[in-house]
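As structure tokens, the structure follows; a few thoughts come after it.
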Amino acid sequence: MIRSPGKPNQTAVAEVALTRTAPTQHELIRPDSPLNDLVDLDHAATTSLRPEVAAAMEPFGSSRYGNPSGSHRLARDAVRAVDEARERIAGVVGCRPSEVIFTSGGTESDNHAITGGLPARTSLPICSAVEHHAVLDVVRALGGSIVGVDRDGRIDHEDLEAVLNSVTTSGLEVGVVSVMLANNEVGSINDLSAVAACIAQSSRSEAGRSEAGRSEASRANPAGTGRIPLHTDAVQAAAWLDLRIAAAAADMISLSAHKLGGPKGIGALVVRESTQIRPMILGGGQERDRRSGTLNVAGIVGFAAALDAVDEQRDLTNHRVAELREQLMRGLVESVDGLTETVDRSETLPGSCHVCIDGVDSESLLLLLEAEGVLASAGSSCASGAREASHVLTALGVAEESAQGAVRFWLGWDSTQGDVDVALRAVPAAVKRVREFGR
Amino acid sequence: MRVLAALSGGVDSSVAAALLGEDGHEVVAVTMKLWGGESDTGCCSVSEVEDARRAAAQLNLDHHVFNFGEEFEEHVVGPYVADHAAGRTPNPCVECNRHLKFDVLLRRAELLGYDAVATGHHARVVTLLDGSRRIARGADSAKDQSYVLYTLTAHELDRVLLPIGALTKDQVRERAAALQLRTAAKPDSQDVCFITRAAGREAFLEQRIELHPGRIQDENGTTVGTVSAVEVVTLGQRRGLHLAGGAAPRYVVDVDLPTATVTVGGPEELLCDELELENLVWAAEECEGVMNLQCSAHGAALPATVSLQFGEQDQATVRVQWHEPHRRIATAQSVVMYAQRETTTGTEQVVVGGGLVR
């Protein structure tokens, strides 16, 4: 069944946005001003809670408060809710329910996948240069290797092969390769089956060499198969792509509920049965001894409701948002001199609209836009606090000067025509003003 | 007015923001994130930003964090390091006010449509009879910060509010306590914000420039000690030289970087009659005649006769003739000129200019 996209008051929101008077000059946003007057073009940071999610979670905030680790009736009620949620999530991801490990969110999932649990792997992790810090920093901490990307942010297959070869020929073992399904800043999508093929190819040639030469690497690999697991951070992609297809080649998948209209503080690491993982959080042994801690029942139920809604509305939402994005990007390119599309948008997530604007300091621009009620960001929301160029843009080869004017607009499942219209009025005026003031 | 209130996370700026709100101004708070490195008392450590944010919330003010780390590096930290490498003794707080609070921040405020920037400095903005503005001393003479604000130009003075200048520190703390601000009992910040007390100036500089051990000699050229880094020795310095005790107090009277030699002598050798200032900031046509000159943040202002002179490329400097012999001031230190002026609220000592010791 396809439900109509958008929240119930979507029409009302659109009308408010459309009838908004010409932007008043630098209206102050007071801390108590109503938040629903804002045009949110920062849906990559987080997105609005879907109404079906709030409804599904509601009973777990009152009478259905049981701990699923117990055995009495309250506990059994919670177990049932978790089991059903797990099955629904598995259905949308395209995995077995037993392969879903609930976590506190994307960062924990990424950390778990890269470290392999406790004790952390001694074999080397490899990841792309545009991974989220929740992957990148763990790979660096474990002394792993970083693989370059092309101009559009997708992993460079030749470089991946070269890195795989250099690790194995130096007598070391590759523990995991992590390649994000879609990038959280610029939205570019990786072809994971091609990545998996590249890894398999490299493993085969290594296995051949090992048999001939009895290398250290093959002896160091207890599984003996030489098969290197592929992890994908699908946190940003899961709101848009069908994971049954897009993530089919991955052995481990990181997910986060709040990026797809669910609550914060809940996510999952999907680990296929063929892949071994140790627990990273030890304790009561919930989640089949792969992750401990009392399950966040309300969060899990909300997560499942959100993922279900994404799946049911995917075609319609993606189509509608892609059209809005097209309008936004075209409108921006036409109305703002010196504005360039950071990556080719034809192969990005439908909501992403990343631009670099010459001669503009993005912090100033974003403040002016906020004063007009338009919210966007300069990069990933975790990077706020540092104005240095984002590691993603650096890896893409964007010049530091262009990166100073980087703005990430990102539409969400409930973005409206009104949002785009307001943005297209506000951005050119704000850019003009920032340039007049010399930055 | 629409005012952008700079909140450092301390008690003064919190109360300043509160007073503006009470006066009916439309106020938004901002904390500048200037320094990503280690800091213990600084304006920009994580806990200071948190304190500022919570104080703003207590006052029901929206709160922004502006990242001016690059500008801080360019205008404050970089020059601070370069000055030390050249044997000069800079005052980074003056440069931070000059370049960050009243230039970069003020321009950002103007961009965003604010009428003024407010800070929690203990100083006042007064109006002369001709309508022009000057910096005057704060009501609390022990806390007066007019010295570090001498760089403000006419344009800036028209757009700066110093709401707590008329209050003593005790009154500020009383207001903060009455408002139940979490910053009410915080100790005053001190020292250079980007240098931790534990590690110190030498350890900080060491990471950025090569420091050279030096020899300490007396007036006769006899070696009396050594220093680990001649770059951190300052004219007039007495402590930290580890000289043999018992003798009369000895002060640094000369630092010669090329030979890495520090000369010490008695206090009388530090005295001088004249001084030259460069990199001047001054109010219109007022940089001549008898004035009171202050050479450190909380030092006394002493009388001198000053005259403008122009160098080869019309580079203006100020010649200072002390009325009584005065302790020599290290190169690049700020000297601020105060003079009596008629203001709309009576006769006052106001800042009429200042410059860096040449």
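Considering only residues that are β-branched (Val, Ile, Thr) and closer than 15 Å to B:LYS101 by Cα, which ones fall in the range B:1-37? Full working, then the answer.
First pass over the range B:1-37, keeping only residues β-branched (Val, Ile, Thr): B:3, B:11, B:15, B:27-28, B:30-31.
Residues satisfying the conditions are B:VAL3, B:VAL30, B:THR31.
Residues of the range B:109-148 that are within 14 Å of chain A (Cβ to nearest Cβ) and on the phi > 0 side of the Ramachandran plot: B:GLY113 alone. For the range B:88-101, indicate whether the set of residues that are in the same structural domain as B:ASP51 (by TED's automatic domain parsing) and more than 30 Å from B:ALA229 (Cα to Cα) is non-empty. Yes: one or more hits.
Criterion first (touching a His at 6+ places or on another chain (Cβ under 8 Å), surrounded by fewer than 22 Cβ atoms within 10 Å (Cβ to Cβ), at pLDDT 95 or above and within 14 Å of another protein chain (Cβ to nearest Cβ)) does B:ARG2 satisfy it? So B:ARG2 passes the test. The number of residues in the range A:106-125 that are surrounded by fewer than 24 Cβ atoms within 10 Å (Cβ to Cβ) and not in a helix (DSSP H, G or I) comes to 9.
Quick one: would you say A:GLY143 is in the same structural domain as A:ARG154 (by TED's automatic domain parsing), touching a helix residue (DSSP H, G or I) at 6+ places or on another chain (Cβ under 9 Å) and on the phi > 0 side of the Ramachandran plot? No; evaluated as a whole, the condition is false for this residue. In the set (1) more than 14 Å from chain A (Cβ to nearest Cβ); (2) in contact (Cβ under 8 Å) with a residue 24 or more places away in the chain; (3) part of a loop (DSSP other than H, G, I, E, B), the condition left unmet by B:TRP35 is number (1). The strands (runs of 3 or more DSSP E) found wholly in the range B:227-288 and carrying at least 1 residues that are over 20 Å from B:GLY214 (Cα atoms) occupy B:271-282. For the range B:298-353, residues that are among the aromatic types (Phe, Trp, Tyr) and closer than 30 Å to B:VAL233 by Cα total 2.
When the residues of the range B:65-99 are narrowed to those that are under 20 Å from A:LEU365 (Cβ atoms) and not in a loop (DSSP other than H, G, I, E, B), which ends up farthest from the other protein chains (Cβ to nearest Cβ)?
Of the range B:65-99, the ones under 20 Å from A:LEU365 (Cβ atoms) are B:65-71.
Of the ones still in play, those that are also not in a loop (DSSP other than H, G, I, E, B) are B:65-67, B:69-71.
Details: B:VAL65: 7, B:PHE66: 7, B:ASN67: 4, B:GLY69: 6, B:GLU70: 6, B:GLU71: 10 Å.
Checked the range B:65-99; the qualifying residue farthest from the other protein chains (Cβ to nearest Cβ) is B:GLU71.
I'd like the residue in the range A:289-343 that is buried (at least 20 other Cβ atoms within 10 Å of the Cβ) and of a type in the set (Gly, Ala, Ser) and, out of all such residues, is nearest to the chain's Cα centre (by Cα). It comes out as A:ALA306.
Which of the following residues is in contact (Cβ under 8 Å) with a residue 12 or more places away in the chain, surrounded by 19 or more Cβ atoms within 10 Å (Cβ to Cβ), within 13 Å of chain A (Cβ to nearest Cβ) and outside any helix (DSSP H, G or I): B:LEU61, B:LEU106? Full working, then the answer.
Numbers: B:LEU106 fails: outside any helix (DSSP H, G or I).
So the residue among B:LEU61, B:LEU106 that is in contact (Cβ under 8 Å) with a residue 12 or more places away in the chain, surrounded by 19 or more Cβ atoms within 10 Å (Cβ to Cβ), within 13 Å of chain A (Cβ to nearest Cβ) and outside any helix (DSSP H, G or I) is B:LEU61.
Pairs linking a residue in the range A:100-112 that is under 21 Å from A:ARG88 (Cβ atoms) to a residue that is in a helix (DSSP H, G or I), with Cβ atoms under 6 Å and 6 or more positions apart or on different chains, are A:VAL100/A:ARG86; A:VAL100/A:ILE89; A:VAL100/A:ALA90; A:PHE102/A:ILE300; A:THR103/A:SER109.
Output the residue which, of all residues in the range B:216-233 that are modelled with pLDDT of 90 or more and surrounded by fewer than 17 Cβ atoms within 10 Å (Cβ to Cβ), is nearest to B:ARG88 (Cα to Cα).
Once the filter is applied, the top-ranked residue is B:SER228.
Put simply, of B:ALA55, B:ALA16, B:ALA29 the only residue that is buried (at least 20 other Cβ atoms within 10 Å of the Cβ), in a helix (DSSP H, G or I) and within 14 Å of chain A (Cβ to nearest Cβ) is B:ALA55. The set of residues from the range B:305-352 being more than 26 Å from B:ALA86 (Cα to Cα), in contact with a Leu (Cβ under 8 Å, 6 or more places away or on another chain) and not in a strand (DSSP E or B) comprises just one member, B:THR344.
Residue-wise test of (1) modelled with pLDDT under 95; (2) over 30 Å from A:VAL420 (Cβ atoms).
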position	(1), (2)
A:ASP37	yes, no
A:ASP77	no, yes
A:VAL100	no, yes
A:THR122	yes, yes
A:VAL135	no, yes
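Whenever a residue of the range B:135-161 is in contact (Cβ under 8 Å) with a residue 12 or more places away in the chain, its partners that are of a type in the set (Phe, Trp, Tyr) and part of a loop (DSSP other than H, G, I, E, B), lying with C-beta atoms within less than 7 angstrom and at least six residues away or across chains, give the pairs B:ILE135/B:TYR150.
The values are calculated or read from the model by the stated rules, or taken from the named source; none is laboratory data. Note that the coordinates shown come from a computational prediction; the quantities given were computed from them, not determined experimentally. Glycine also receives a Cβ, built like all others from the backbone with ideal geometry; neighbour counts cover every protein chain displayed.
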